[in-house]
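S.K.: Structure below; questions to follow.
The values are calculated or read from the model by the stated rules, or taken from the named source; none is laboratory data. All values reported here derive from a predicted model rather than from experimental measurement. So basically every Cβ, Gly included, is an ideal-geometry build from the backbone, and we count neighbours across all protein chains shown. Ligands, DNA and RNA are stripped out before the accessible areas are found, and what is left, the full protein with its side chains, is counted by its heavy atoms. Shrake-Rupley method; radii C 1.70, N 1.55, O 1.52, S 1.80 Å.
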Amino acid sequence: MRSYFEYVRHDGEDFFTVVILPDKSVHYPVVVMRNPYVGHLTEADENEIVRQYEDSLRQWTDSGYAVVYQHCRGQGKSTGAFVPYIQEREDSSALFDWIRKQDFYGGEMYLVGGSYTASLFYTAVPFASDIKGAVLEVQDCERYRLWYRNGQMRKGHANWHFSLYKAKCNLDKSFNIRSFSALPLAGLSEKVLGDRAEDFEQMLEAERPDHKFWSTRFGGGEAHNAVKSAGIPILFTSGYNDFYIGGMFAMWNELDDDTRKQCAFLVSPYDHGDNFSSENGLSFEKGRRSEQFGGYQIAWIENIRKKTSLPFEKGVITYYRTFENRWDSDFYATPTKDMLFILGNDTLSLTYDPKDPPFFDGEGSLKNGSYDRGDVITLYTEPFEKDTFVKGKMKMQLAVSSDCADTSFYVRISIKTPDGDYCLRHDITSLCYQLGDYTENSQVLLNFTFDEYAFAVKKGGRLRIDIAPTDDNAYVCHTNTKGQYSRQTKAVTAVNTVFLHRSTLTLPVESDYL
């Protein structure tokens, strides 16, 4: 093995770049990785960093691949100012061009990354002819889906953005997850970062996916439909408990037929890191991708180059059948049979104070008992009469009213297990986002569509339904006022009503179970 580092000069900045070469030949296929999560290495010795990467990336060099690993602009040992997503297109392109000029380059590049380190490669489309394949995990290419769900801003993504924003620029940052409850939210970046994050401030105005912002560079326009017609084999992965899962399914479904035939999609029962909480979650037999498929990343690239066999199929989704505890592969077509539940007979009210919003743990968490709050309704379905397998998008229709001109409603579905109620899915929307306008105290129907899931319910099993106004863990809370949410200066209390006899849950059920 031969390894070294260079500072690659581009756009007036120096990009710390590590090269790790096998000792088998002169020219190599190159695996390319770029990473902003290297702040802990800012003061580290360059040679020690190289040694660490030699150890952590040895599986690639042992298989005959050169690895080029670069710290993103303004992160780790690289100079400059890091603004998430911005300039990744030029920075990636500059690295590709540099690799092409190196003596070790054998004419093939393969892109490997997960989460942000996958997203930065989406900005590099269309892929050049020497980029032969990729492994792009747990994050999709559409920026709206990262920031919003049905007009409700994701606090976790915002918190991540502020944490990395110009990390090496000595800004006087003073924020936490609660900062995103500030009123008004507009101008927040200047208050808590000491710098106006223009991309964030413009994003606040773009609650809907058709807003012109999402076609700009700040909004990720350069990565829009990035892989739809990529024309190269890409392995995608996600997990049912990853809040980006819906975007990953959407991106897969948006692929053109020729691209999809070359690609594959692995879906585990776990979270963004393919893990679960040992204290508040459940483990599933061979649920991790590595447990079932071993070194699937290398296997994917080897299949492209050498036509070696794969432990999963191309052109389809390979997914975990949760609570059946096995993997399966198919087109994940929505079952043609539906199972309908009416939620009840009662009319129930929720008093929602935005200054004291409910808080929920995410998908994959266990809950025992009720939330004992006046703004959360907890219901259970009747016991299932036979073993049932649900696959696809569950849907719920809620009949509701509110004494405010706008407000939000949040619903979550859990399955009752011996260990507690295991959260499967949630969804959120607001009256005006979905209806366009709302008249106080009028009864309306709101539609909720949950991201894809595949799970079994045994005979006698039950599903839990929680209905609330919002989730302070995941979303910026609605102020119960009409208009652009980021400009609201006050919040008011809402009395929201749910009419259970007109509210339904619909499950897509495999016909073999009916």
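S.K.: Would you call residue 213 surrounded by 19 or more Cβ atoms within 10 Å (Cβ to Cβ), in contact with an Asp or Glu (Cβ under 9 Å, 6 or more places away or on another chain) and not acidic (Asp, Glu)?
M.R.: yes
S.K.: Against the definition (touching a residue at least 60 places away in the same chain (Cβ under 8 Å), more than 25 Å from residue 163 (Cβ to Cβ) and touching a helix residue (DSSP H, G or I) at 6+ places or on another chain (Cβ under 6 Å)), how does residue 133 come out, yes or no?
M.R.: yes
S.K.: Filter the stretch 9-61 down to the residues that are part of a strand (DSSP E or B), under 25 Å from residue 170 (Cα atoms) and either open to solvent by 10 Å² or more (accessible area, probe 1.4 Å) or small (Gly, Ala, Ser) (or both) and list them by number.
M.R.: Listed by number, the residues that qualify are 9, 10, 13, 14, 35.
S.K.: Among the numbered criteria (1) open to solvent by 20 Å² or more (accessible area, probe 1.4 Å); (2) in a loop (DSSP other than H, G, I, E, B); (3) farther than 27 Å from residue 317 by Cβ; (4) of a type outside the set (A, V, I, L, M, F, W, C), which single criterion is violated by residue 202?
M.R.: (2)
S.K.: Checking residue 502 against (1) closer than 30 Å to residue 366 by Cβ; (2) part of a strand (DSSP E or B); (3) open to solvent by 30 Å² or more (accessible area, probe 1.4 Å), which single condition isn't satisfied?
M.R.: Residue 502 satisfies all of (1) closer than 30 Å to residue 366 by Cβ; (2) part of a strand (DSSP E or B); (3) open to solvent by 30 Å² or more (accessible area, probe 1.4 Å) except (1).
S.K.: Give the residue, chosen from 94, 81, 128, that is in a loop (DSSP other than H, G, I, E, B), out of contact with any Leu (no Cβ under 9 Å at 6 or more places or on another chain) and more than 30 Å from residue 289 (Cβ to Cβ).
M.R.: Of the residues listed, the single one that is in a loop (DSSP other than H, G, I, E, B), out of contact with any Leu (no Cβ under 9 Å at 6 or more places or on another chain) and more than 30 Å from residue 289 (Cβ to Cβ) is 81.
S.K.: Now for a separate question. Identify all residues within the stretch 465-481 that are part of a strand (DSSP E or B) and among the β-branched types (Val, Ile, Thr); write none if there are none.
M.R.: Listed by number, the residues that qualify are 465, 467.
S.K.: Please list, ordered by first then second residue, the pairs with beta carbon atoms under 9 Å, 6 or more apart or interchain, first in the stretch 87-111 and more than 16 Å from residue 71 (Cα to Cα) and at pLDDT 95 or above, second among the acidic types (Asp, Glu) and open to solvent by 10 Å² or more (accessible area, probe 1.4 Å).
M.R.: Listed pairs, sorted by first residue: 100/130; 105/130; 107/130; 108/130; 109/130.
S.K.: Moving to a separate point now. Which number in (1) under 19 Å from the mean Cα position of the chain (by Cα); (2) open to solvent by less than 10 Å² (accessible area, probe 1.4 Å); (3) not aromatic (Phe, Trp, Tyr) marks the one condition that residue 393 misses?
M.R.: Tallying (1) under 19 Å from the mean Cα position of the chain (by Cα); (2) open to solvent by less than 10 Å² (accessible area, probe 1.4 Å); (3) not aromatic (Phe, Trp, Tyr), residue 393 fails exactly one: (2).
S.K.: Do we find that residue 193 is touching a strand residue (DSSP E or B) at 6+ places or on another chain (Cβ under 7 Å), within 21 Å of residue 82 (Cβ to Cβ) and at pLDDT 95 or above in this structure?
M.R.: no
S.K.: For the stretch 391-439, enumerate the residues that are of a type in the set (D, E, K, R) and either in contact with a helix residue (DSSP H, G or I) (Cβ under 8 Å, 6 or more places away or on another chain) or in a strand (DSSP E or B) (or both).
M.R.: 391, 395, 406, 412, 416, 421, 425, 427
S.K.: Something else about it: Tell me, which residue of the stretch 89-108 that is of a type in the set (Ser, Thr, Tyr) and within 30 Å of the chain's Cα centre (by Cα) is nearest to residue 120 (Cα to Cα)?
M.R.: Looking at the filtered set, the residue picked out is 92.
S.K.: Let me ask another. Report, by residue number, each residue of the stretch 43-76 that is in contact with a strand residue (DSSP E or B) (Cβ under 6 Å, 6 or more places away or on another chain), charged (D, E, K, R) and within 20 Å of residue 104 (Cα to Cα).
M.R.: Correct list: 54 only.
S.K.: Working carefully through the options 346, 353, 387, 375, find the one that is open to solvent by 40 Å² or more (accessible area, probe 1.4 Å) and closer than 30 Å to residue 278 by Cα.
M.R.: 387
S.K.: Right, here's the next one. Restricting the search to the stretch 443-489, which residues are exposed (fewer than 14 other Cβ atoms within 10 Å of the Cβ) and touching a Ser or Thr at 6+ places or on another chain (Cβ under 6 Å)?
M.R.: Within the stretch 443-489, 443 is the sole residue that qualifies.
S.K.: Give me the pairs: first residue in the stretch 180-198 and closer than 18 Å to residue 485 by Cβ, second residue crowded, with 20+ Cβ neighbours inside 10 Å and among the basic types (Lys, Arg), beta-carbon distance under 6 Å, and six or more apart or on different chains, which are they?
M.R.: 180/155
S.K.: Give the residues of the stretch 96-127 that are among the hydrophobic types (A, V, I, L, M, F, W, C), out of contact with any Phe, Trp or Tyr (no Cβ under 6 Å at 6 or more places or on another chain) and surrounded by fewer than 21 Cβ atoms within 10 Å (Cβ to Cβ), sorted by residue number.
M.R.: 96, 98, 125, 127
S.K.: If you check 158, 134, which single one turns out to be surrounded by 19 or more Cβ atoms within 10 Å (Cβ to Cβ) and assigned to a strand (DSSP E or B)?
M.R.: Being surrounded by 19 or more Cβ atoms within 10 Å (Cβ to Cβ) and assigned to a strand (DSSP E or B) holds for just one of 158, 134, which is 134.
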